[in-house]
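Data first, discussion second: the structure below is written as structure tokens.
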Amino acid sequence: MFHTVSYTGSREEQHREVILQLKALIYEEPSKIANLANAAALLNFYLTDINWVGFYLFDGSELVLGPFQGLPACIRIPLGRGVCGTSASERKSVRVSDVHAFPGHIACDAATNSEIVIPVVKNDELIGVLDIDSPLKDRFDELDQAFLEQFVQVLSEQL
């Protein structure tokens, strides 16, 4: 059972607590959609200064909107287009301090100013991407990226 907590300690300690919560939420749950939905809700609860968090799932040709928290979003994103499509096609994390300076940025929410996208890969196959937007410029740093990459790794093991 999930219960709300007040995150205390260093950012690293808080990140470790969230990883433990994720493990508990997805433990022995076979449903990909349920696990992605709970993962998005957990990040939405934990992270500050964000306006959208969720997943785009790879359908074999493009990214399709999956479980998320936030305003309605773009439904389909071609590989190689925007921050999500770039992350998916290159299979690497992309951290953008100012989305307005990113070539080909797809503006689903005009309030978004920075973004981080982490590819979700299992057994060398692209499952999708974790996408997080913020209304603040330069919201995400290296520590956030390392935490989110670990979060996605733990999540992908259960998908």
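Just so you know, all these numbers are worked out from the coordinates, no wet-lab data involved. Owing to the predicted nature of the structure, the values given are computational and were not obtained by experimental measurement. Here Cβ is always computed from backbone atoms with ideal geometry, including for glycine, and neighbour counts include all displayed protein chains.
Worth pointing out:
- Gly80 being free of Cβ contacts under 8 Å to residues at least 12 places away in the same chain and touching a helix residue (DSSP H, G or I) at 6+ places or on another chain (Cβ under 9 Å): yes
- In region 55-70, the residues that are on the phi < 0 side of the Ramachandran plot and within 15 Å of the chain's Cα centre (by Cα): Phe55, Tyr56, Leu57, Phe58, Leu63, Val64, Leu65, Gly66, Pro67, Phe68, Gln69
- Restricting attention to region 12-39, the residues that are of a type in the set (Gly, Ala, Ser), without any contact (Cβ under 8 Å) to a residue 40 or more places away in the chain and surrounded by 15 or more Cβ atoms within 10 Å (Cβ to Cβ) total 1.
- Matching residues in region 26-47 - criterion: being assigned to a helix (DSSP H, G or I) and over 23 Å from Leu143 (Cα atoms): Ile26, Lys32, Ile33, Ala34, Asn35, Ala37
- Odd one out for Phe151 among (1) in a strand (DSSP E or B); (2) under 11 Å from the mean Cα position of the chain (by Cα): (1)
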